[in-house]
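The values are calculated or read from the model by the stated rules, or taken from the named source; none is laboratory data. All of these numbers come straight from a predicted model, not from anything done at the bench. Every residue, glycine among them, receives a Cβ derived from its backbone with ideal geometry; neighbour counts consider all protein chains shown.
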């Protein structure tokens with residue numbers, strides 16, 4: 001952009017990047033600065049969200065913290081109408097503006113991390129913050145943490161996209177945003193960080209750990225400045241009086257594991273039920289709002305987040321029968337709210353279920369074994385952590401967040417015992433957490449971890465070397481021997497007249513023939529080739545390809561176009577897959593120029609539009625002896641040659657800048673870049689039999 005005087009002005013993004021580079025020449029330092037920025041933004045996002053919740057709740061039932069007392073002053077018909085009003089507002093808002101804001105939000109964040117290269121639409125934050133605030137304010141029986149995770153993640157992803165970050169850095173930004181949201185909402189910086197590390201990213205490496213800690217600390221500082229430094233649940237002092245109490249907490253853990261199973265299964269069953277209903281999607285929240293409003297007439301304790309009722313349970317002020325009843329009522333209320341399409345979190349409902357179930361269990365044990373068990377509130381607190389740890393698949397996060405939310409550290413032993421027991425019980429029955437079950441139900445695999453899912457998101461054709469050097473079945477032995485002598489390739493693939501894969505000839509096969517006198521004059525390639533046990537197709541994912549490479553114990557595998565059109569179109573190497581793994585999973589950098597499709601990094605990268613890609617091409621025989629100027633690839637196909645990989649002395653290779661006047665020689669490989677459609681035309685011209693149509697994944 002230039003001014004009227006001819007001076008070039010910088011855009012805000014460029015100015016911000018320049019400032020970052022001046023502040024921290026080291027990239028790790030730059031990321032810490034950005035993580036701190038995300039933490040501040042996430043902290044203010046949490047404050048705005050809590051303010052909106054209070055605003056809508058005040059509008060709906062009046063000002064005050066005790067929702068049970070506020071509802072008691074309202075006539076029954078108003079209690080019934082409140083969630084209906086919320087449904088009328090939330091349904092169209094979510095359906096027409098950002099459907100990702102429906103439900104509890106954390107699975108959508110995981111999906112962005114694993115399957116969408118860290119990209120979350122900026123509008124999601126705005127819709128989520130308003131929709132969830134309306135839901136909670138008008139009585140939706142949900143929590144605040146899921147929305148704030150999605151809000152923080154969306155804000156962080158938007159900042160990363162504005163800075164043109166790579167997918168790996170966008171994923172880290174999302175983790176920072178989520179940690180900031182949890183930390184600011186619950187005044188729990190340690191738990192916020194561990195939530196992002198244990199549940200979202202599943203990565204405790206220093207490269208990941210440091211920025212997330214910074215974001216969590218900054219968000220907590222902002223939150224404490226404006227909201228105060230008090231625990232979310234002020235509780236009386238709990239302590240274990242005798243180690244004979246531990247068996248009771250062990251049984252409690254088993255029970256809470258079962259409660260978590262019922263919670264997760266019922267929630268997804270209810271969502272599936274509402275999804276199957278033939279009813280306008282934007283009006284479906286009304287179907288859940290009507291029975292939800294009727295519940296408020298008799299059980300106002302399940303209105304909204306329900307923190308007030310949880311505090312009552314922690315202080316032991318509830319009868320065990322009421323707490324037991326509230327477990328069932330809350331289960332129905334949260335299923336109606338989230339299943340029908342409202343927006344809100346599942347964390348607070350899990351706390352509520354655990355607190356009420358744990359409190360009821362502790363009260364009953366006190367009646368059966370008087371004087372042998374601790375206070376009811378201690379069982380309620382441990383039950384809260386146990387259900388959360390089991391349902392979310394994050395026992396460490398659950399332990400830490402209950403510590404920070406209550407400020408109570410003296411019952412660490414029963415807390416750890418119950419949380420781990422509940423988690424083991426849950427895992428014995430269900431393999432998916434409340435956050436990952438969504439993916440299993442639609443056929444997406446997450447059970448092997450984020451590394452597996454990331455590799456599944458790449459396809460063979462994204463990184464394969466196209467148009468490899470091959471030999472036909474009728475190639476003479478003299479030609480084969482010349483190929484092996486002039487090149488350092490250990491094997492060549494054999495094709496028939498239709499370029500279908502027939503087999504493979506290795507250098508060892510050639511050596512064996514040399515020992516037989518006279519055979520080299522009569523043998524053809526088809527006579528000495530061996531079958532290829534493993535081959536992959538262009539649309540296979542890299543994880544399956546890596547498994548096949550391990551079985552084959554080879555440096556590469558042949559790539560076929562498809563099962564219906566089994567022509568050899570390329571090879572994929574173990575090294576190419578490891579480069580993707582190093583970059584996306586281990587966060588290691590590649591040497592040299594970085595070519596990034598889509599969102600690029602701040603430095604040492606060349607940014608490509610999303611519809612462009614880089615491909616390694618082995619030139620056809622007709623290209624050898626010609627110059628790049630003579631081939632005129634840019635004029636004919638609209639593609640550009642970035643570099644030429646040439647063989648050096650003793651079999652080494654080197655990358656050279658393209659010399660338009662230097663003829664190509666056997667062994668050269670071209671790094672070409674262009675629009676996917678232009679690359680498709682080039683590949684079809686180079687090898688028309690192998691590329692009969694456009695690529696599915698280009």
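Among all positions in region 340-348, there is no residue which is surrounded by fewer than 22 Cβ atoms within 10 Å (Cβ to Cβ) and part of a helix (DSSP H, G or I).
Of all residues in region 667-682, those satisfying the criterion of being part of a helix (DSSP H, G or I) and either in contact with a strand residue (DSSP E or B) (Cβ under 6 Å, 6 or more places away or on another chain) or surrounded by fewer than 19 Cβ atoms within 10 Å (Cβ to Cβ) (or both) are 676, 677, 679, 680, 681. One residue alone among 331, 353 is surrounded by fewer than 24 Cβ atoms within 10 Å (Cβ to Cβ), in the same structural domain as residue 265 (by TED's automatic domain parsing) and modelled with pLDDT of 95 or more, and that residue is 331.
The residues of region 449-458 that are touching a helix residue (DSSP H, G or I) at 6+ places or on another chain (Cβ under 8 Å) and either assigned to a loop (DSSP other than H, G, I, E, B) or at pLDDT 80 or above (or both), listed by number, are 457, 458. Scanning region 414-425 for residues that are under 25 Å from residue 236 (Cα atoms), surrounded by fewer than 24 Cβ atoms within 10 Å (Cβ to Cβ) and under 27 Å from the mean Cα position of the chain (by Cα) turns up at least one hit. The set of residues in region 366-403 being in contact with a helix residue (DSSP H, G or I) (Cβ under 6 Å, 6 or more places away or on another chain) and surrounded by fewer than 21 Cβ atoms within 10 Å (Cβ to Cβ) consists of 396 alone.
Yes/no matrix, rows are residues, columns are (1) assigned by TED's automatic domain parsing to the domain that holds residue 46; (2) surrounded by fewer than 24 Cβ atoms within 10 Å (Cβ to Cβ):
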residue: 188; (1), (2): yes, no
residue: 191; (1), (2): yes, no
residue: 196; (1), (2): yes, no
residue: 203; (1), (2): yes, yes
residue: 207; (1), (2): yes, yes
residue: 213; (1), (2): yes, yes
residue: 218; (1), (2): yes, no
residue: 232; (1), (2): no, yes
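In summary, residue 252 fulfils each of the numbered conditions (1) buried (at least 24 other Cβ atoms within 10 Å of the Cβ); (2) within 20 Å of residue 407 (Cβ to Cβ); (3) over 19 Å from the mean Cα position of the chain (by Cα) with the single exception of condition (2). When every residue of region 516-528 is checked against the conditions, none turns out to be crowded, with 19+ Cβ neighbours inside 10 Å, at pLDDT below 80 and under 18 Å from residue 575 (Cβ atoms). Considering only residues in region 529-545 that are assigned to a helix (DSSP H, G or I) and crowded, with 18+ Cβ neighbours inside 10 Å, the one that is modelled with the lowest pLDDT turns out to be 543. Within region 33-69, the set of residues being modelled with pLDDT under 90 and farther than 30 Å from residue 209 by Cβ comprises 62, 63, 64, 65, 66, 67, 68, 69. For residue 224, the conditions (1) in a helix (DSSP H, G or I); (2) touching a helix residue (DSSP H, G or I) at 6+ places or on another chain (Cβ under 7 Å) all hold with the exception of (2). Of the residues making up region 115-129, those that are buried (at least 22 other Cβ atoms within 10 Å of the Cβ) and part of a helix (DSSP H, G or I) are 124, 125, 127, 128, 129. Per this entry, residue 337 is counted among residues that are more than 22 Å from the chain's Cα centre (by Cα), closer than 30 Å to residue 283 by Cβ and not assigned by TED's automatic domain parsing to the domain that holds residue 131.
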